[in-house]
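The values are calculated or read from the model by the stated rules, or taken from the named source; none is laboratory data. Being a predicted model, the structure only gives us computed values, none of them experimental. For neighbour counting, all protein chains shown are included, and Cβ atoms are generated from backbone atoms with ideal geometry for every residue, glycine included. Calculation scope for accessible area: heavy atoms of the full protein, side chains included, ligands and nucleic acids excluded. Shrake-Rupley method; radii C 1.70, N 1.55, O 1.52, S 1.80 Å.
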Amino acid sequence: QVQLVESGGGLVQAGGSLRLSCAASGRAISNYHMGWFRQAPGEERGFVAVITRGGGTRYADSVKGRFTISRDNAKNTVYLQMNSLKPEDTAVYYCAAEVSVVATTPNSYDYWGQGTQVTVSS
């Protein structure tokens, strides 16, 4: 079993940048496809990005070209670099781990962190 802890959230002005980190313990993240999701108040949790065990990436259309997901297996950490932030990016951001499927749906993921709040002011 893997435990995930997100950090790096905060308050930023529109156009600014943040880098989120997801530190794993218990098992090596090299065993998992790692995803980032976000949930705004009153909305369902939605896909942001995924990085496969092999390093391949996929992004939601709404963040493509602005966000970059990466992984450092030696540090057992996944990152989400967020640039050109917009107010509509405001949400709680969660990282998740999945061993079998490269998925964009939350129900496919087995392990979740507690989330980190990102607030973008206009």
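For the chain, what is the relative contact order in percent, using Cα pairs closer than 8 Å and at least 6 residues apart in sequence? Numbers along the way, then the final one.
Numbers: 309 pairs, mean separation 44.0, N = 122.
Dividing the mean separation by the residue count of the chain yields 36 percent.
GNM, the chain, Cα, under 10 Å: largest mean-square fluctuation among 111, 93, 79?
Taking springs between Cα atoms under 10 Å, the residue moving most is 111.
Going 7 Å from the Cα of residue 28 along its beta-carbon direction, which residues of the range 76-114 have the amide nitrogen within less than 14 Å of the resulting point?
76-77
Using modelled amide H (1.01 Å from N, peptide plane; none on Pro or chain starts), what sits under 5 Å from the amide H of residue 58, excluding residues fewer than 5 places away?
50
Counting only heavy atoms of the protein chains, get the accessible area per residue of the chain (1.4 Å probe) and round it to a whole Å² value. Mind dumping the intermediate values first?
On the way: 5900 Å² over 122 residues.
The answer is 48 Å² per residue.
Calculate the spin-label point distance for residue 44 paired with residue 70, positioning each point 7 Å from the Cα along the beta-carbon direction, and give it in nanometres.
In this crude spin-label approximation the distance works out to 3.3 nm.
Residue-wise, which Karplus ³J(HN,Hα) couplings in Hz belong to the range 22-39, taking 6.51 cos²θ - 1.76 cosθ + 1.60, θ = phi - 60°, and x for glycine or proline?
So the Karplus estimates, Gly and Pro as x, are 10, 8, 9, 9, x, 8, 6, 5, 4, 7, 10, 7, 10, x, 10, 10, 9, 9 Hz.
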